[in-house]
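Here the structure is laid out as C-alpha cells; the discussion comes afterwards.
Read the figures in this text as sums done on the coordinates, not as results from a lab. Here the structure is a predicted model, which is why all the values come from computation and not from measurement. Ideal geometry is used to build each Cβ from the backbone, glycine not excepted, and the neighbour counts take in all protein chains shown.
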Amino acid sequence: MTRRLLRLLPCFLALPAIARAQVECPPDAIGCHVEDVDFRHRSALFDDVMLDTGWVPAGSPLQVRFGLMLGGSTQVDMGGTSVTSWPPPLAQLVLGRAGTGRLAINYGIEVVARIRIDVEVAGTRYTWEGDIPIPGGIPPDLRMADASMFDPFLLPPSELVARVMDSTDEVPVLDVGLTDSIIPIPGIRGGFRVTARGTLGAEYVTNRIVVEDAVDAIETEGQTVVVRAGPDEPGLGAAKDVRITPEGTIAYDGVITLAPSLYIDIAGRRFDLPIAEIPVPIADFDVGTEFNTAEVHVPLPDIRVEPSSLAFEATAVGSSSQLLLTIRNEGEATLEVDVRDPAAPFSVGERRLVLPPSSSARLAVDFAPFNDSERSAVLFLATNDPDEPLVTVGLSGTGFGAGLADGGVSVLDGGPGGPPTDGGCACRAAGAPRPEGLPFALGLAVWLVSRARRRRP
C-alpha cells in the first residue's frame, strides 16, 4: 500500500498545475462567461488521527520514534469549467477538466517504529537509521488506502467509473495446537491456524449536476440547461450568481478473507495443508455524495431606455424634428445595441451603440413628414441583454402644410389672387383650385395669427 501511494504522490502534487483545455463560447451566443470551478466531497466514519512521538530522547545518541496512523475517510475531487451564455435567457453548460478527478480511500491503522544511532567513537562518526520489527506478530500495515485519477464528470453516456481498492497484510487470528483429543494418532503433531486479510474497494460515478434556478438538472455529458431569474428576483439584472452542485454515488465493497490452514508434523516431516479461502462480506452498500457548491458570478448587460415612446410635435412638410432617446447600461458587462431603421418618415443617426458598464448614451431620432397625416412606427433595439434581447420604442408624429412644400398656392405669401390685406381675405384667380381639408385650415390659421401680430393699435 505504501509503495502504491508513493507512486501516486507525484500525480497528487501535480493536480494544481493541470490546465484546462481552451473552452470556447457557443458560436451563436451574443454573450458568454467562462470560469473554472472545483468540487470536493469528503466523508468518514471517523477523522484521520496521526500520533507521532518524534525522536526521543532529544539529543541522545540512541533515539527511537513511534507513529500510529488511524484513518477513516473517502474523498472525491473534481474540476470543471462553467460556460454561461445567452440567449435564452441564460444557457448553462458545465464541462469536466481532464485529469482533475481523484478518488481516494484511507481506512485502517498503521504502526511505525524506528531507531536511530548517531555516535562518535575514536574520532569516527557512526550513524544508522532503520525500522524496528513490531513484536507479537502484529503486521505493520493494517490500513486500506488507495487513490485513483479520472476525468470528470463520469456522467452518461460514459460507462466509466472511478475505482480504488486496497488490502491489509495478513493478520493471524487463530493458532491452535493439535492434541490427541483432536487427532488421536500417536506420533502426529501439528496445529490449526487462521489468518485474515481485509480488502476495501470503492467506486464513484456522478449522477447529475444541479444548477440553481435551472429548468432541469444536467444528467448527460455536455448537456445545456436554461437558467432563469430566482423566484424572488424581478429579472436577471446586472449579474447572476450561478450555483453548481454535483451529485454522485460511492459504492463500497469490503470483505474479510479468512484463510484457514492445517500443518502436521509426522516423523520430523512437516506438511502444510491450506484450506480454501473464505470471504466474509463486511461492506456492500451505496452512499450519496455531498459536494461543496461552486458559485460563479456572471456579469450581465442590463439595458434601460427612457422614454418608452417618442411623440413628435406637429412638423411642417419639408422640415424635420428631432428627439433624443436615453439608453443606459445598468449591468456589469458591456451592453451592445444594434439600432434598426424605423419606417419612414422616422430615421436614426446611429446604427450601433456599445456602452460600458454603468454608462449611458443618447440616440437621436428624426421625424421628417412628407405629407399631411399622422404617422407612427416602432423603433427596434436588438441588444445582448439576456432579459431584453429586443426593446421596442413607439414613435408618432403629424405632418402639415403639404401644399407649401412644392411652391403651390399659399395663403401665407399670396397666390395668383394677390397678397392678403388687413381687412380682406386671400382672394383667388378665377378657376384656381380651392384648397380643402386640414392643410387649408392649418395654413389659414397660421396666416391669421401672423397678421394679428403685425397689426398695430
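Give, as a single signed number, the net charge of other residues whose beta carbon lies under 9 Å from the beta carbon of Asp253, with Lys and Arg counted +1 and Asp and Glu -1.
After counting each charged neighbour, the total is -2.
Work out how much length Thr392 to Val354 would gain on full extension: take 0.36 nm times their residue separation and subtract the Cα-Cα distance, in nm to one decimal.
This chain segment gains 11.9 nm when fully extended.
Distance between the C-alpha centers of region 240-264 and region 115-167? Whole Å please.
Region 240-264 and region 115-167 have Cα centres separated by 20 Å.
Count the net charge of all other residues whose Cβ sits under 11 Å from the Cβ of Phe150, scoring Lys and Arg as +1 and Asp and Glu as -1.
Overall, the nearby charge balance is -1.
Starting from a Cα-only point model with no solvent, please compute log10 I(q)/I(0) by Debye for region 2-299 at q = 0.07, 0.09, 0.12, 0.17 1/Å.
Evaluating at q = 0.07, 0.09, 0.12, 0.17 Å⁻¹ gives log10 I(q)/I(0) of -0.47, -0.68, -0.92, -1.30.
Quick one: length gained pulling Leu68 to Arg163 fully straight, 0.36 nm per residue minus the C-alpha distance?
Net length gain for the segment: 31.5 nm.
For region 339-391, what's the relative contact order in percent, using C-alpha pairs closer than 8 Å and at least 6 residues apart?
Once divided by the residue count of region 339-391, the mean separation gives 40 percent.
When Trp86, Trp128, Trp55 are ordered from fewest to most other Cβ atoms inside 10 Å of their Cβ, what list results?
Arranged by neighbour count, lowest to highest, Trp86, Trp128, Trp55 become Trp128, Trp55, Trp86.
Calculate log10 I(q)/I(0) of region 305-395 for q = 0.11 Å⁻¹, where I(q) comes from the Debye formula with a single equal point scatterer on each Cα and nothing for solvent.
-0.32
Say each of Arg42 and Arg328 gets a label point 7 Å from the Cα, pointing the same way as Cα to Cβ; how far apart are those two points in nm?
That separation, rounded to one decimal, is 4.7 nm.
Taking the Cβ of each residue in Leu90, Leu353 as the centre, tally the other Cβ atoms inside 10 Å and list the residues starting with the fewest.
Leu353, Leu90
Quote the FRET efficiency, to the nearest 0.05, computed for Ala343 versus Asp131 with a Förster distance R0 of 56 Å and r equal to the Cβ-Cβ distance.
Between Ala343 and Asp131 the formula returns 0.05.
Fewest to most neighbouring Cβ within 10 Å: what's the order for Glu295, Glu277?
Glu277, Glu295
What is the extension gain from Glu306 to Asp28, computed as 0.36 nm multiplied by their sequence separation minus the C-alpha to C-alpha distance, in nm to one decimal?
Gain in length upon complete extension: 97.2 nm.
Between Ser376 and Ile188, how many nm apart are label points set 7 Å from Cα along the C-beta direction?
That separation, rounded to one decimal, is 11.2 nm.
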